[in-house]
Each structure stands twice: as structure tokens, then as C-alpha cells.
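Notes follow once the structure below has been shown.
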Amino acid sequence: MRREAMVIAVLSGLGILSVCLGAAEARVQAGGQPASGQQVEKPPLYDEKADAKALIAEAVKKASADNKRVLVMFGGNWCGWCHKLHATFESDPQVKKALLYEYVRVNVDIGKWDKHMDLAEAYGAKLKDSGVPFLTVLDGSGKVVANQETGSLEEGDHHVPAKVLGFLNQWKAPPQNADDVLKAGLSKAKAESKKVLVYFSAPWCGWCHRMTDWLATPEVSATIGKAYVPVKIDVDRMTGGKELDYKYRGSDQGGIPFFAVLDAEGVKLADANHPEKGNVGFPAAPHEIEHFIAVVKKTGPQLSESDVAALRKSLESAKP
């Protein structure tokens, strides 16, 4: 069944009325807009001023770095079924986990069926035929891997979590092998006469995200890149990730993120374990920052004093 699609119903004696197929909570006018006085009273899902192409470009960049897919949801703030699908995304534990682990999400506003329609057409998303919400899955290069109308994911007045989960699992990226990812990093480090800064992470770990974001900061990336090849190992999503973490940690105890510096042969030169306080994780507290700086001074001879000072300043000024 099509959702929030434009349908004009001619009712004898009543004139032409706008209807929304299957949407009990709101009617929509011709063109797919809410009828006057019938605006859905819910927090906005869509940034109506956003540049969708820019949002998607950033999402593709993140997806490529983490071996994820991009999930684009076309729709509008007026769309009751868009809110329902979003509620399923947020309320069902398995669906929420699949999205967190495997996708970077982007909501694209279609306005009054007059915004970003060229983008939908370029992706092969038949919005006017199928209605919204409409889902498009992109890979890490921005290529379309799936288009999905969402009527088939519904039952009655709601989306079926098992159907939504089945769709998400069908189009998620194939898992990477942790040993292969590290091997590629070591090969690059050897070719460039650098060390490998490997760090172990997981999608649910907030401090891990901070580590990733910090390393991706242009200034930090440029400085770290003088001496290291950063390699991220996802202990939950990569095959053999937990085993590799154990290999370099030497224990199954301690939190994440956990980092280690390796030479080009894979020999550990230093790690995140403070001699007295254990794993420093993402360096935020003074003793954690000091430990990280000590590791950098020990293993990164390519870095100048000003480089090291810049890294320290960046860590010290990071928001909690």
C-alpha cells in the first residue's frame, strides 16, 4: 500500500477531497501536503533548509571509513508514516542496533514534492509512484545498492519491526576481516616508513566515536599522518576483531577504545596502558593526555616539538 502518496478521491455530492491512503492521523492535499489545520504535531525529522547532497556526501565519507552503508529516507515533516517509521527505528531494540552498527542515516526533505526530486530521480527512487517514506541504500562509494518503498514493510497502522530488520540486514555491508584490515595498514606503514596506530572500537562506545572524530580532524589527521597510519578495528563488526584486541592487549580485561603503536612488522612498541592507572582510552584526563604524549614522543620521531605540542593542545581543548 502506498503511503503519503498524492491521491484525489472524487466523492459524489462532496466535491474533490484529498486523502492519504492508510494514514488515519492526517489527510494530505493534492501534492502530498497536510490539509489545512491537520499538521502532524510531532518534532521535525527533516531539516527543511539542508543541502541533501552535502549531507549525503558527508554520510558516504563516514560510511566508507567504517565499512557501513548509507540509509537515505525521503519524506517530509508533514508525513505521518515517516514519523511512524522513525519511531520504529528508535523503539525496536534490534532495528535500532542494526542502524547503529551498519548504517549512516540521512533524512532528505522533499518539501511539497518539489525539493530534491532530481536527487531521488538520479537514485532511481520512484517517489511519486510509491509515496513516502521511501528508503534508498548507498554503499561507501555513493552507489545505489537498493531502493525500497515502505508500504510492504507495514501492517495495519504500523511498520513491522521484523520486516524492517530483514530489509536492513539484507543490504548491510559484508563484514571485514580484522587481520586483513591490519595487514593493509602495516603494508602502508612499511611503504611510507611509518608506524601503525591501531585502536580498537565498537559502535556502541561513545569514547570510541570521540577517538575516531578526533583523529579525523584535519589538523590532527595531518599531524598524526606524519608518523603513523591509523587503523581502526571494530571488535563487534569485524571478523576476528576481539581476538586481535586480545593479542595486543594481552588480556580480555579493560575497556575501549584501546590503542597500540606497532612497527611495520606488527610488533607492539607501546600501548594505552598507563603504568599505574590502566587503559587511558581516549585521552581526556590530564594523566591520560600525558601518557598519550609520552607514547607519541617514544614512537613518532618524525613529529617535531611543535607537532607534539599541537596534539597536546588539541586534546586539552577537546570538549568533554
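The values are calculated or read from the model by the stated rules, or taken from the named source; none is laboratory data. What you see is a predicted model, and the numbers here were worked out from it, not measured in a lab. Glycine gets a Cβ as well: all are built from the backbone with ideal geometry, and neighbour counts include every protein chain shown.
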- Task: Could you tell me whether VAL137 is of a type outside the set (Gly, Ala, Ser), within 20 Å of the chain's Cα centre (by Cα), over 21 Å from ALA50 (Cβ atoms) and not in a loop (DSSP other than H, G, I, E, B)?
- Result: no
- Out of ASP213, ASP139, ASP179, report the one residue that is among the charged types (D, E, K, R) and either closer than 17 Å to TYR101 by Cβ or touching a strand residue (DSSP E or B) at 6+ places or on another chain (Cβ under 7 Å) (or both). ASP139
- Task: Out of ALA216, ALA178, report the one residue that is over 16 Å from ASP236 (Cβ atoms) and small (Gly, Ala, Ser).
- Result: ALA216
- Task: Give me the pairs, please: first residue somewhere in the stretch 126-150 and within 12 Å of LEU71 (Cβ to Cβ), second residue anywhere and acidic (Asp, Glu) and part of a loop (DSSP other than H, G, I, E, B), beta-carbon distance under 8 Å, and either six or more positions apart or on two chains.
- Result: PRO133/GLU4; VAL145/ASP139
- Restricting the stretch 273-292 to residues that are without any contact (Cβ under 8 Å) to a residue 24 or more places away in the chain and in a loop (DSSP other than H, G, I, E, B), the one surrounded by the most Cβ atoms within 10 Å (Cβ to Cβ) turns out to be VAL280
- Restricting attention to the stretch 59-109, which residues are acidic (Asp, Glu) and farther than 24 Å from SER141 by Cα? GLU90, ASP92
- Item | Test: PHE134 is of a type in the set (Phe, Trp, Tyr), surrounded by 17 or more Cβ atoms within 10 Å (Cβ to Cβ) and assigned by TED's automatic domain parsing to the domain that holds VAL72 | yes
- Item | Selection from the stretch 265-320 of residues that are within 19 Å of GLY206 (Cβ to Cβ) and of a type outside the set (Gly, Ala, Ser) | ASN279, VAL280, PHE282, PRO283, GLU288, ILE289, PHE292, LEU315, LYS319, PRO320
- Item | Among the candidates VAL280, VAL261, residue that is of a type in the set (Val, Ile, Thr), touching a Lys or Arg at 6+ places or on another chain (Cβ under 7 Å) and modelled with pLDDT of 95 or more | VAL261
- strands (runs of 3 or more DSSP E) within the stretch 1-116 that include 2 or more residues in the same structural domain as GLY140 (by TED's automatic domain parsing) and at pLDDT below 95: none
- Filtered residues of the stretch 90-108 (kept if surrounded by fewer than 20 Cβ atoms within 10 Å (Cβ to Cβ) and farther than 14 Å from ASN169 by Cβ): GLU90, SER91, PRO93, ARG105
- Within the stretch 205-224, which residues are exposed (fewer than 15 other Cβ atoms within 10 Å of the Cβ) and under 19 Å from LEU182 (Cα atoms)? ALA216, SER221
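Based on this model, can you work out whether LYS247 counts as more than 21 Å from ALA65 (Cα to Cα) and outside any loop (DSSP other than H, G, I, E, B)?
Details: more than 21 Å from ALA65 (Cα to Cα): yes; outside any loop (DSSP other than H, G, I, E, B): yes.
In short, yes.
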- Query: Pairs under 8 Å by beta carbon, first residue in the same structural domain as VAL229 (by TED's automatic domain parsing) in the stretch 293-320, partner polar (S, T, N, Q) and in a helix (DSSP H, G or I), six or more apart or different chains?
  - Reply: LEU303/THR223; ASP307/THR223; ALA310/THR223; LEU311/THR223
- Could we say that LYS195 is in the same structural domain as PRO301 (by TED's automatic domain parsing), of a type outside the set (Gly, Ala, Ser) and in contact with a strand residue (DSSP E or B) (Cβ under 6 Å, 6 or more places away or on another chain) here? yes
- Query: Got at least one residue in the stretch 105-124 being of a type in the set (S, T, N, Q) and closer than 30 Å to ALA202 by Cβ?
  - Reply: yes
